[in-house]
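Below is one structure; the comments refer to it alone.
Bear in mind that the values in this text are calculations on the coordinates, not laboratory data. It should be emphasised that the depicted structure is a prediction, and the values quoted were computed from it without experimental measurement. As a convention, Cβ positions derive from the backbone with ideal geometry for all residues, glycine included, and neighbour counts pool all protein chains shown.
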Amino acid sequence: MKNHRDTIIIGIGNEFRRDDGVGILIARELKKLALDSIDVIDSSGEGGKLLQLWEDYKFVIVIDAVHSGGEAGKIYRFNISEEVLPAQFFKFSSHTFSLAESIELARKLKQLPPRLIIFGIEGSDFSEGLGLSSKVETSSKELIRLIMNELE
């Protein structure tokens, strides 16, 4: 069944692995805002599922934790129609089929959404447990603001 909306925000990760849950937690915060004409969901981020989730949408925003060795809390933005997602940014992943692999598969199958933006926040604590590290928590609030600007 086709959706009647053009835009979806997908927060991915594992909320039980501290900073890895940042995408899910941001999606839940955005969902509380009841954004008009925008679907907001959270997902484990499994590759095949992502392809299904963004199918039929014209504009997709995906939020995930990044583990590239950068400064904790740093926010990254990738416009997938203009650049390749650096796989090394998502090397610490609880997903068996990573976000980068999902995107490249969709590109080869010509199933990428017309506009796909990936936001990543550099995590520092991927241990078992709930809650974000302080720098990631602070950055998550900033990323919500950036996403709202992206939607305008």
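Take the residue pairs 49/108; 58/141; 58/110; 49/110 and return only those whose Cα atoms are more than 19 Å apart.
Correct reply: 58/141.
Averaging sequence separations of C-alpha pairs under 8 Å and six or more residues apart, then dividing by the length of segment 2-152, give the relative contact order as a whole percent.
Relative contact order, segment 2-152: 32 percent.
List the DSSP H helices in the chain whose Cα atoms stretch 15 Å or more along the helix axis and whose mean Kyte-Doolittle hydropathy is at least 0.0.
Span-like helices in the chain: 22-32.
If the elastic network links every pair of Cα atoms under 10 Å, which of 130, 33, 50 fluctuates the most in the Gaussian network model of the chain?
33
Once the convex hull of the alpha carbons of the chain is built, what does its volume come to per residue, in cubic angstrom?
103
What's the exposure ranking of 19, 56, going from fewest to most Cβ atoms within 10 Å? Walk me through the intermediate numbers first.
Working: 19 29, 56 14.
Least to most surrounded, the residues fall as 56, 19.
What residue among 65, 34, 100 shows peak mean-square fluctuation when the chain is described by a Gaussian network model with Cα springs under 10 Å?
Taking springs between Cα atoms under 10 Å, the residue moving most is 34.
Write out the trypsin sites (Lys or Arg not before Pro) in segment 23-76 meeting two conditions: DSSP loop, and at most 15 other Cβ atoms within 10 Å of their Cβ. Mind dumping the intermediate values first?
Numbers: sites: 28, 31, 32, 49, 58, 74; in loops: 58, 74.
Taking segment 23-76 and a limit of 15 other Cβ atoms within 10 Å, the loop trypsin sites (Lys or Arg not before Pro) found are 58, 74.
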